[in-house]
């Protein structure tokens, strides 16, 4: 069985790494021979996501050059699909009109959707070349769902949308390797500080910035509190309390998560976000952290308020519930253990890998 896997990015891209690439060892073990192709380069990813700071002109030039290079790669992969038994495509990487061609070259196309790209993001403006491209991708998402032999959705919200366009839909929740992501060994007798941790990307760091007034209020009450941000832009700052930030790297991700005492998941309440399952919550729970998350969308399906963490709907909620956790180590431990159990029981990488292999075999029944 030969499978072509096409992702937006290499393992540097979070969605490509989490939703597809970490399954590769399991595909190999199941006897599925795969070839992995990407559309965009790591350089393109770093510049467009603010990991590397450059001038606006240089960023625009990089965007145009990256899109051109990506277009050439897309054309190459379209020509290659007929040589494989099936094709797994992550996200809306091809122009809408190309999916019709691909379906006729290879009818066994599996399309994976893990984001609400079909919703209109209020931050998209018609005058921006970049955001016009995102609108084009949104149309491609719906087209791909219609033409695919099978659609894999990350959660039920996305699955409901997918079923409007395709009757063959499976759920594959964001998986995590709970054998690797485990609680860290902390000696708090020597270090009484309490670290509120956030992990993300420069593009989503504005959500953390929105909590700055609440952190200022908490810092005045709890001098032992430190806010640690992983994955922000190099020039990202916060003031009025103890704050530290650093770049995200795959090599240090686990150690960074284990250095936290509390994980936070802020999110705006808008249609674009209501179908997004914040993977950082699952990471926090896997390493045994209590979570405080915005009371928005799918956060409510993961966080059991008062069980494995708290939901916060208002500024006062954030202050109150973070304060409870900062001041009570036993509560942090109790909630962290509950979160760890949920991560192991519901988001196991092994269970989701078995499900993915089953979907692939379903699309190629005679191989």
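The values are calculated or read from the model by the stated rules, or taken from the named source; none is laboratory data. Small disclaimer: the values here were computed from a predicted structure and weren't measured. Every residue, glycine as well, gets a Cβ built from its backbone with ideal geometry; the counts of neighbours run over all protein chains shown.
Taking the range 280-307 as the search range and keeping residues that are more than 20 Å from the chain's Cα centre (by Cα) and touching a residue at least 24 places away in the same chain (Cβ under 8 Å), which one is farthest from residue 116 (Cα to Cα)? Give the steps one after another, and end with the answer.
At the first step, the residues of the range 280-307 found to be more than 20 Å from the chain's Cα centre (by Cα) are 304-307.
In the following step, the residues that additionally are touching a residue at least 24 places away in the same chain (Cβ under 8 Å) were identified as 304, 307.
Numbers: 304: 23, 307: 28 Å.
Selected residue: 307.
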Which residues, taken from the range 309-321, are closer than 19 Å to residue 283 by Cα and either outside the structural domain of residue 214 (by TED's automatic domain parsing) or out of contact with any helix residue (DSSP H, G or I) (no Cβ under 6 Å at 6 or more places or on another chain) (or both)?
311
Filter pass, residue 224 being under 15 Å from the mean Cα position of the chain (by Cα) and either modelled with pLDDT of 90 or more or within 30 Å of residue 159 (Cα to Cα) (or both):
no
Can you name the condition, by its number, that residue 165 falls short on among (1) within 30 Å of residue 357 (Cβ to Cβ); (2) in a loop (DSSP other than H, G, I, E, B); (3) in contact (Cβ under 8 Å) with a residue 60 or more places away in the chain?
(3)
Mind telling me which of the residues 91, 190, 167, 163 ends up being at pLDDT below 90 and under 30 Å from residue 346 (Cα atoms)?
91
Within 20 Å of the chain's Cα centre (by Cα) and either surrounded by fewer than 19 Cβ atoms within 10 Å (Cβ to Cβ) or within 21 Å of residue 341 (Cβ to Cβ) (or both): does that describe residue 324?
no
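Take the conditions surrounded by fewer than 17 Cβ atoms within 10 Å (Cβ to Cβ) and either over 29 Å from residue 253 (Cα atoms) or modelled with pLDDT under 90 (or both) and apply them to residue 43. Does it pass?
Numbers: surrounded by fewer than 17 Cβ atoms within 10 Å (Cβ to Cβ): yes; either over 29 Å from residue 253 (Cα atoms) or modelled with pLDDT under 90 (or both): yes.
Taking the combined requirement at face value, the residue satisfies it.
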